[in-house]
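Just below is one structure, and these are the notes that go with it.
The values are calculated or read from the model by the stated rules, or taken from the named source; none is laboratory data. Since we're looking at a predicted model, the values are computed, not measured. Counting neighbours? That spans all protein chains shown, and the Cβs are built from the backbone with ideal geometry, glycine included.
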Amino acid sequence: MRVPFIYYILVLVGLFTFQSSSAQEFPRLDSSPLDISIYRNEDLTPVIRVIYSRPQKKNREIFGKLVPYGKVWRTGANEATEIDIYEPLLLDQTVIEPGTYTLYSIPHEKEWVIIFNKDTNVWGAYNYDESKDVLRVSVSPKKAAAPIESLSMAFMPTSDGVSLMIGWDDRYVEVPFKKVK
């Protein structure tokens, strides 16, 4: 049986397409990769979660330079940091209801203002709208035991709740949440 010439052409085109598509390169990794930290109850139900991008120090002066003092910061890189609260939590005598918030901060040398804002899915802090703040709380920065190369966030259980630890460069802050009884 004789195969029509067009079949040879289709096979060659198919092989070329397969070869060129399998040789594609993935884009380089983001220099501030996305990360997530979550705290769960004993029964593994989520209590609180934070999604953020992790900028790197790269021998730069961070606080007061790259992240200016006294200005609203997205508390990370790329899109503003998102915090999801799954059950009512108490922070600085204010109950934060379940929902998704943007977590901004205003670093200063001796205090940071942590901001929970209801405007979500925003890039950076360029369009920050103070009128959408749900809560502002002041916390004191502490000296880190060792330099922290990548912005890092983690939850630390406490006797009456959980603290969000935010650390980068030579310092960290602790945002203490208490369970509502």
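Here Asn127 fits the description: surrounded by fewer than 20 Cβ atoms within 10 Å (Cβ to Cβ), closer than 13 Å to Val72 by Cα, at pLDDT below 95 and polar (S, T, N, Q). Criterion applied to Ser140, Ser163, Ser159 was being surrounded by fewer than 13 Cβ atoms within 10 Å (Cβ to Cβ) and touching a strand residue (DSSP E or B) at 6+ places or on another chain (Cβ under 8 Å), and the one residue passing it is Ser140.
Screening the stretch 75-121 for strands (runs of 3 or more DSSP E) wholly inside it with 1 or more residues that are under 16 Å from the mean Cα position of the chain (by Cα) and without any contact (Cβ under 8 Å) to a residue 40 or more places away in the chain returns the ranges 81-85, 99-107, 112-117. If only residues of the stretch 70-106 that are of a type in the set (Phe, Trp, Tyr) and under 17 Å from Val173 (Cα atoms) are counted, the one that is surrounded by the most Cβ atoms within 10 Å (Cβ to Cβ) is Tyr104.
For the stretch 122-137, a residue qualifies if it is touching a residue at least 40 places away in the same chain (Cβ under 8 Å) and either under 24 Å from Asp160 (Cα atoms) or not in a loop (DSSP other than H, G, I, E, B) (or both), and the qualifying residues are Trp123, Leu135, Val137. For the stretch 48-69, the candidate set comprises residues that are within 12 Å of Asp35 (Cβ to Cβ) and either aliphatic (A, V, I, L, M) or out of contact with any Asp or Glu (no Cβ under 9 Å at 6 or more places or on another chain) (or both); within that set, the residue that is surrounded by the most Cβ atoms within 10 Å (Cβ to Cβ) is Val50.
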